[in-house]
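Every number here is computed from the coordinates shown, using simple stated rules; none is lab data. Keep in mind that what you see is a predicted model, and the values were worked out from it rather than measured. No Cβ is skipped: glycine too gets one built from the backbone with ideal geometry, and neighbour counts run over all protein chains shown.
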Amino acid sequence: MKRGFYIGRFQPYHNGHQSVLEHIADEVDEIIIGVGSAQLSHTIDNPFTAGERVLMITRSLVSLGCAFYVIPIEDIKRNALWVAHIQSMTPPFDLCYSSNPLVVQLFHEAGVQVQSPSMYERDTHSGTEIRRRMLNNKPWKNLVPPAVYQVIKEIDGVARLRQIAQDD
Ligand code: ATP
Ligand code: MG
């Protein structure tokens, strides 16, 4: 049984993440998806709650054809202890998939094998770009799986983002 770990903030979950996870599904038996900065929501950079992000991910992966677990992970603000913190919250895993330099370094130092997936159309497929488009009333629907669009519609997520971005 080979388990792989993948972490992000998923604010929101988008087609770049989906593409990476479809690739990981070909290589492992089970995938553990960590929802990072789980305690954050209702800010311009982190508009969605951990529960809303769990919904986005779970619904987008119904047809993945690989078992997966979605686990919220709160920040501990202690980089040296971060991998142990994650391991204390997840099923055991054999390798970590990440292209984030700090994440790669921390897992490497903890003795966990790391693979770095290549980026999928990173110019447009980034959380930052999607949140920018939501705020500026630009098209973003084509950058996320249909299930994510549906969740954001259900929670009126774009209106939330615009509301909290206003000055008082
Ligand atoms: P933000 O701009 O808010 O940081 P993000 O798009 O980088 O959002 P994260 O939740 O920070 O999304 O990323 C989780 C992981 O997914 C990171 O390791 C990141 O490198 C990776 N990732 C992000 N965008 C892509 C993409 N287009 N293709 C492949 N991997 C991606
Ligand atoms: Mg990022």
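Tell me the trypsin sites (Lys or Arg not before Pro) within region 83-157 that lie in a loop according to DSSP and have at most 15 other beta-carbon atoms within 10 Å.
Passing both the DSSP loop test and the Cβ count: Arg122.
Which residue fluctuates most in the GNM of the chain (Cα springs below 10 Å): Ser19, Ser88, Ser60?
Ser88
Would you be so kind as to identify which of Met1, Gln87, Tyr13 lies farthest towards the positive end of the dipole of the chain, taking Lys and Arg as +1 and Asp and Glu as -1 on Cβ and the Cα centre as origin?
Comparing the listed Cα positions along the dipole, Tyr13 ranks first.
So how strong a dipole does region 3-164 carry about its Cα centre when Lys and Arg Cβ are +1 and Asp and Glu Cβ are -1, to the nearest 20 debye?
740
Once amide H atoms are placed 1.01 Å from N in the peptide plane, what residues at a sequence separation of 5 or more from Val114, or on another chain, have their amide H within under 5 Å of its amide H?
Close amide H contacts, sequence-distant or interchain: Cys96.
How many nm separate the modelled label positions at Met1 and Gln39, each set 7 Å beyond the Cα in the direction of the Cβ?
3.1
What's the extension gain from Thr128 to Gln87 if we count 0.36 nm per residue and subtract their Cα-Cα distance?
Details: separation 41, 0.36 × 41 = 14.76 nm, distance 2.77 nm.
Residue separation times 0.36 nm, minus the Cα-Cα distance, leaves 12.0 nm.
Bin all alpha-carbon pair distances of the chain at 5 Å intervals from 0 and give each bin's fraction as a whole percent.
2, 8, 18, 21, 21, 15, 9, 4, 1, 0, 0
Give me, ordered by chain and number, the residues 5 or more places off Tyr69 or on other chains with an amide H under 5 Å from its own placed amide H.
Those qualifying (amide H under 5 Å, at least 5 residues apart or on another chain) are Ile31, Ile32, Ile33.
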